[in-house]
Every structure is written in structure tokens, then in C-alpha cells.
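Q: Below you will find the structure I want to go over with you.
The values are calculated or read from the model by the stated rules, or taken from the named source; none is laboratory data. Because the structure is a prediction, the values reported are computed rather than measured. Cβ placement follows ideal geometry from the backbone for every residue including glycine, while neighbour counts extend to all protein chains displayed. Accessible surface areas use protein heavy atoms only, side chains included; no ligands, DNA or RNA. Shrake-Rupley method; radii C 1.70, N 1.55, O 1.52, S 1.80 Å.
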Amino acid sequence: MFKNKKLHIAALVVGISAVAISAPSFAQRGDCMGNGSAGGKFSEGRFSDRMKQHQQRLHDALKLTPQQEPAWTKFQESHPFNNTANRPAQADMAKLTAPERAEKMLELQKQHQEGMSKHLVAMKDFYGQLTPEQKKAFDEQSQMGQRGQRGGRGAGPQGPGAPAPTN
């Protein structure tokens, strides 16, 4: 019986330890608008700044000719994340009922998909004007970080001009 009591105590300690270790994974992460533990990355403009830095690195790596610049400009202007003005205010979303919020989000997703379709057309036009070396640089710069890194998400754009991921 004494041996069985030790086994129960050991199992209890292991169980409590597992709960204590996994507790942070149940913490609230924030909402789909970028608010929460990440610090409101959309509202503070950090996302926009990082995107502009990536675009500049890509532009520099491509070494575009003057003839390619108009297609580059059209490609950059077509990016659906350039216009974040259509994002609803969090206070406005809070006033809606759950079904109304879901309808609003579906509407925004449809707008985003339309924007991505236009962006894809502009990307194909731009990509068609690149030399093989430029296409290789574009492909490398456009790759996203691999899953499985700490945090479960990629480290962002990868390529010769991109900073090394910090884990």
C-alpha cells in the first residue's frame, strides 16, 4: 500500500506540473484585427513599416531598369494591405451582434480576396518583365519563413537581403 501511495503522489505531481507548464498556452492571444498580446500591430503601423522595408529590400535586390519601374509601381499599388482604412473600428465591431460581426468579417474577406486577385494580375505582369536573374531574386525574396519555428509562424520574408530570423 505504501508503494501505491508513492505512485499516486508522483502521478499527482506530474499532473500538476503539466497543467502549470501548459497554462500560458491558454492565455488570451488577441483578436483577428491584430489587437491583443501582440500590441496592436496593425493600429501602431509596425506591420506597414515592416512591409515597406520588405518592399524596399525587394526593389534593391531586383535592380530594376527604368522600363520596369512602371510595372513595379503598379504591382506595389495593387497590394491589398496598402489600404487598411477599410478596417472597422474595434468599438464599432463591439456594438454589433455576433451574427452581424460574422457578416461584416465575411464582407471584408470578400473585399480582400478581390484585392488579392487584382494584385495577382499585377504581379504576373511585373514578373513577366523580369530577367531570369531578377525572377530568381524575386522568388527568393517572396518566400515566407518556414513553419515549425518558435512561435509556430514564419519569420517573414526570406532571401539574400532579409535579416536572419531571431529565435
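Q: Sort out which residues of the range 62-75 are open to solvent by 30 Å² or more (accessible area, probe 1.4 Å) and under 23 Å from the mean Cα position of the chain (by Cα), and write them in order of number.
A: 73, 74
Q: Residues being more than 30 Å from residue 130 (Cα to Cα) and touching a residue at least 60 places away in the same chain (Cβ under 8 Å): count how many of those fall in the range 62-92.
A: Qualifying residue count for the region: 0.
Q: Might you let me know whether the range 53-61 holds any residue that is more than 30 Å from residue 131 (Cβ to Cβ), modelled with pLDDT of 80 or more, among the basic types (Lys, Arg) and open to solvent by less than 70 Å² (accessible area, probe 1.4 Å)?
A: Checked the range 53-61: no residue is more than 30 Å from residue 131 (Cβ to Cβ), modelled with pLDDT of 80 or more, among the basic types (Lys, Arg) and open to solvent by less than 70 Å² (accessible area, probe 1.4 Å).
Q: Then there's this: Assuming residue 81 fulfils every condition listed in (1) in a loop (DSSP other than H, G, I, E, B); (2) at pLDDT below 90 apart from one, which condition is it?
A: The single condition residue 81 does not satisfy is (1).
Q: Now for a separate question. Regarding residue 141, is this residue in contact with a helix residue (DSSP H, G or I) (Cβ under 6 Å, 6 or more places away or on another chain), in a helix (DSSP H, G or I), modelled with pLDDT of 90 or more and among the polar types (S, T, N, Q)?
A: So residue 141 does not fit the description; no.
Q: I'd like the full set of residues that are surrounded by fewer than 14 Cβ atoms within 10 Å (Cβ to Cβ) and at pLDDT below 55, limited to the range 31-52.
A: 31, 32, 37, 38, 39, 44, listed by residue number.
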